[in-house]
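Rule-based calculations on the coordinates, nothing more; no lab input. Being a predicted model, the structure only gives us computed values, none of them experimental. In this analysis, Cβ positions are derived from the backbone assuming ideal geometry, glycine residues included, and neighbour counts consider all displayed protein chains.
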Amino acid sequence: MTRTKAISAGLLAGFVAAVLMTTAMLLLATLGVATPLVIIGDRLSVFIPPGPFLSLMGKVGGYNHLKQLGVGSTIAGQIVVGAIGGALYALLSRSTEEQPRAGGNTIRDSRIAWSAPAIWTMSIFVVLPIVIFAIALWPVLGTSSIGLPIQVARLVTLIGFALCVLLFERTLVTGFRFLMVGTGRWAVRGSQRDVPTKEFTPSIGRRAFVLGTIGLAAIGGGIALARKLYRAATFSYDGTQYKGSIVQPITPNDLFYCVTKNVIDPKVNIDVWHLEIGGLVQNPATWRLQDLVGFKPTTQETTLMCISNSLEAGLISNAVWKGLPLRDLLDQAGVLSGAARVRLHGVDNYTDTIPLEKAMEPSTLLAYEMNGVPLPDRHGYPLRVIVPGYFGEKNVKWLTKVEVTDANAKGFYEAQGWGPDFIVPTRSRIDVPDDWMFVSLSKVTAPIEVKGIAFGGDRGISRVEISFDDGQTWSDAEIYYSGGNLAWSLWKAQWTPAAMGDYPLLVRATDGEGDLQEFEEDRGPFSGVSGLHRINVRVTA
Ligand SMILES: Nc1nc2c(c(=O)[nH]1)N[C@H]1C(S)=C(S)[C@@H](COP(=O)(O)O)O[C@H]1N2
Ligand SMILES: [Mo]
């Protein structure tokens, strides 16, 4: 029995064990249990500042590809580490198996039987990974797609992981011994039948084939599960935009823009879900959804916009939300002195924070309805926060915990380095006509309609102006729909181009406080862009 042969056997057994473990993780994922496949990415992302994050995203072709790359490389990495672990095991067991052991735990018994666990393999391949996993991923363990409370979710994640590494260890040990039966040091000792081992043991090649087949079957199962998960994943809708000629005052739920950090969004089971209020409060409490709908509801139109929404983009939408003011729960809980911020936790382990003052405003809601129906899953069922005037990321979906904290608390994207300013600047966008539209003078019989949106955070919109000459002269557009102070306004204007040429069209809005939309030089690069949306229209003969 050569060293190389043992190492090869270890590699194969480790590979098959890692594949089985990965398949088990995918199976757990279909049940809503968090596994390293996704939470490693969540854990790492806070260490990537927005600059490198955006350039990485650009390089791999967008957020969806970045997520796929994250999961894919975790799977690949885990299988490589598993195979190397197998080789390591082979080397170590060569030395530990040198002496025949007392008791029933000899190689002969393990030829087909499930080998009894050994302390050293359990330590290296089960206990050690669990300890590393628990320490390294502690902040993200409380993730649950079905909406378990954070503490419970953390325990479930750990148990799930423990089962996976146990499966790895058992498969590795059993697989390796299976390969090694009858060879060299692993030869059956004191066979009662007193016949050469070879006569009743298939060759190592055959046994490798058997183990390899098991590995392939597991890969097949893993791929089937991965396809199922892929269909449930957020790739098909994450980044959905709402813009152009389809824009109406209220965005229909299925067209509402969507941004999520998740590979698979939560689908909360209302029977396991609750909302927890804790931290710097006198009376920590938990609430069920049926208790929350008992509070006096507020119904309010509010526009949300993502911090990453560029001037021409559609990561902005408007809906009528129904819920209760967050303040009602905070008042019941009794906020203690020293409290300065409120940290909001989603069941997907997403967090963000808002100033306590903002949390106490009557328009900061815990919303359970969107446009007259319960929140759709992708928009945060059963409960999300609505924070008017703040970027979308503060509007935490799938809310499960409200934690009153001191001034230093940071959220998911905040920890990456987004901000420091999260209050939306006044924005406006031209939705019609399209950028680079060609207009033929001879075919223009009526004025061209120009229209779009204007959004002033929680300050409302008082005026919208349009320029057809790159900002040299401005004329008022008509605000034909106003959503009030917390929502966007829709505007339109008529335009009759007089001559051929390229026309740069610009729009600018004035908010309800009288401040004119402009490029803000002092706004940091990761606090959202400011400035004016420009399109070009070419007028031909
Ligand atoms: N729990 C949770 N809440 C979240 C997010 C998330 O990934 N998880 N994404 C945030 C971001 S960045 C934005 S822009 C808004 C988008 O809300 P929408 O998808 O309902 O439009 O949700 C925010 N709330
Ligand atoms: Mo966002």
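Here are the numbers for the structure shown:
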| read-out | value |
| --- | --- |
| Net charge over other residues, Cβ less than 11 angstrom from the Cβ of LEU137 (K, R count +1; D, E count -1) | +1 |
| Lysines whose Cα lies under 18 Å from that of LYS451, excluding same-chain neighbours fewer than 8 positions away | LYS243, LYS492 |
| Dipole of the chain, positive end: most advanced residue of SER317, PHE455, VAL347 [Cβ charges, Cα centre] | VAL347 |
| Radius 12 Å from Cβ of GLY456, net charge of other residues (Lys, Arg +1; Asp, Glu -1) | 0 |
| In Hz, Karplus ³J(HN,Hα) per residue of segment 61-75 (6.51, -1.76, 1.60; θ = phi - 60°; x = Gly, Pro) | x, x, 4, 4, 5, 4, 5, 5, 4, x, 5, x, 6, 5, 4 |
| Cα gyration tensor shape for segment 427-540, rounded if a/c is under 1.5, else prolate or oblate | prolate |
| Formal net charge of residues neighbouring ALA34 (Cβ-Cβ distance under 12 Å; K, R +1; D, E -1) | 0 |
| Cα centroid separation, segment 153-173 to segment 207-231 (Å) | 18 Å |
| Inter-centroid distance (Cα atoms) of segment 241-288 relative to segment 418-462, Å | 28 Å |
| Cα→Cβ-extended label distance, 7 Å offset, between ILE270 and LEU128, nm | 4.8 nm |
| Highest average packing first - 391-403, 132-144, 56-68, Cβ atoms within 10 Å | 391-403, 132-144, 56-68 |
| Label-to-label distance, nm, for residues given as ASP331 and ASP254 (7 Å Cα→Cβ offset) | 4.0 nm |
| Stretch gain in nm, segment PHE295-ASP470, where the contour uses 0.36 nm per residue and the Cα spacing is subtracted | 57.9 nm |
| Exposure proxy order (Cβ contacts within 10 Å, fewest to most) of ARG534, ARG206 | ARG206, ARG534 |
| Assigned charges on the beta-carbon of Lys, Arg, Asp, Glu; the chain dipole about Cα centre (debye) | 3320 debye |
| Residue-span extension gain [ALA340 to ARG227] - 0.36 nm each, minus C-alpha spacing | 36.2 nm |
| Dipole of the chain [Lys/Arg +1, Asp/Glu -1 at C-beta], most positive-end residue of ALA136, ALA17, GLY221 | ALA17 |
